[in-house]
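Notes follow once the structure below has been shown.
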Amino acid sequence: MNKAIICGYYGQGNAGDEALLLAILARLPNNIQPIVLSGNPSKTSFDYGVICDSRKNIIKQILKLGKQDLFIWGGGSLIQDVTSIKSPLYYLFLMFLAQLKGLKTIAYAQGIGPIKTPLINWLTKKILQKCDRISVRDKASAQLLDNWKIKYLIAADPVWALPSKIKEDLKLLPSPRIAVNLRSHSLLTPEKIEILSQALIQLQQEIQAHIILVPFQLSQDKAVCEQVANKLSSNYQIIYIENPQELKGLWQQIDMMIGMRLHSLIMAASEKCPCFALSYDPKVTNLMREVGIEGYELGQLPAEVNAITHQWSKIYFDKINLSDNIIESLANNALEHQYLIDSVIE
């Protein structure tokens with residue numbers, strides 16, 4: 001049986017990345033044995049029933065494999081240097097080592113960039129030129145590869161095609177339910193948290209809403225959720241769902257979602273939940289443009305609370321969501337990433 005190292009930001013408690021891993025594993029051919037790079041190998045192994053290894057030991061795993069085996073950059077924004085230069089260097093090194101060893105290398109459902117460092121830009125181009133197959137999830141990444149004259153497949157994010165499940169023991173506050181996903185970020189200043197909180201209070205009063213705060217990564221989202229909760233004072237709850245499929249199923253029970261994280265928006269939109277985006281990153285802005293999700297650039301958030309509440313009310317009352325045809329098209333399109341693996345095996 002051939003093996004495939006799947007390399008990504010897994011085992012770090014980020015629900016979006018866990019959803020990506022689950023989507024990739026679900027589409028991996030049966031004759032391929034996955035070996036997953038994880039920040040918490042024992043937990044990832046328990047959750048998904050796969051072989052896992054740590055950042056230190058994954059190099060040994062690469063060196064053990066042969067030319068019939070695969071190395072896969074799992075979906076997500078692995079190559080960007082906005083948060084850190086160390087992270088892209090690490091992932092680029094692993095891909096380089098896999099190519100040096102002669103493995104079949106795949107960049108799978110990548111959102112490439114932003115890249116601001118000339119060295120990272122140069123290395124990324126050189127490494128991608130030597131990949132056997134590449135797929136990207138957005139037009140901005142595709143444009144970058146066009147500029148580099150590198151062949152690729154473009155398809156929707158794999159999470160569009162992830163099946164959802166209803167968490168049976170979940171006890172939600174009564175409808176109408178407005179879910180909010182925020183994360184710690186330099187653009188989300190205390191002043192903006194205050195503005196958003198006051199807009200939520202107004203929305204509560206206007207439609208008698210209950211606010212469901214949904215962190216996607218406790219280490220980055222929990223503190224912000226608690227700050228907002230303290231300002232709301234009543235008719236709210238904080239819910240953390242670890243299982244990606246159950247998290248996706250949550251949005252079937254939500255009347256509207258206000259979200260920062262990319263995969264909070266993808267999950268909600270795919271379950272026909274009306275969405276409003278607060279973009280902190282080009283990948284969120286790209287999603288807004290490509291599928292027609294309304295929202296604000298967080299850096300340009302209006303200071304007028306009434307203006308924000310008015311926008312949210314319009315989304316809620318008009319029930320602005322994606323059509324069945326668009327959702328089905330995106331889900332089917334997302335499955336095209338798996339052709340990369342199939343074609344390499346063949």
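Computed from the coordinates by the stated procedures, all read-outs in this text should not be read as laboratory data. Here the structure is a predicted model, which means the values were calculated and not measured. With ideal geometry, Cβ positions are generated from the backbone for all residues, glycine too; neighbour counts draw on all protein chains shown.
Computed from the alpha carbon atoms alone, the convex hull of segment 177-329 holds 100 Å³ per residue. Based on C-alpha pairs under 8 angstrom that are at least 6 apart in sequence, segment 177-329 has a relative contact order of 26 percent. The ranking of Tyr152, Tyr10 from fewest to most other beta carbons within 10 Å of each one's beta carbon is Tyr152, Tyr10. Remark: spin-label model distance Thr189-Lys60 equals 4.9 nm, labels positioned 7 Å along the Cα→Cβ axis.
As an exercise, use a Förster radius of 35 Å and the Cβ-Cβ distance of Gln129 and Ser84 to find the FRET efficiency, rounded to the nearest 0.05. Mind showing how you got there, number by number?
Values: r = 24 Å, r/R0 = 0.68.
Given R0 = 35 Å and the Cβ-Cβ separation, E is 0.90.
Which FRET efficiency, nearest 0.05, do Ile166 and Leu335 yield, Cβ-Cβ r, R0 25 Å? Don't jump to the answer; show the numbers that get you there.
Details: r = 23 Å, r/R0 = 0.91.
Using R0 = 25 Å, I get an efficiency of 0.65.
Which residues in segment 31-46 place their backbone N less than 16 Å from a point set 7 Å from the Cα of Leu97 along the Cα-to-Cβ direction? Residues passing the 16 Å test: 35-39. Computing FRET efficiency as 1/(1 + (r/R0)^6) for Arg289 and Asn2, where r is the C-beta to C-beta distance and R0 is 35 Å, gives about 0.35.
Highest GNM mean-square fluctuation among Gln143, Gln80, Gln237, for the chain modelled with Cα contacts below 10 Å: Gln143.
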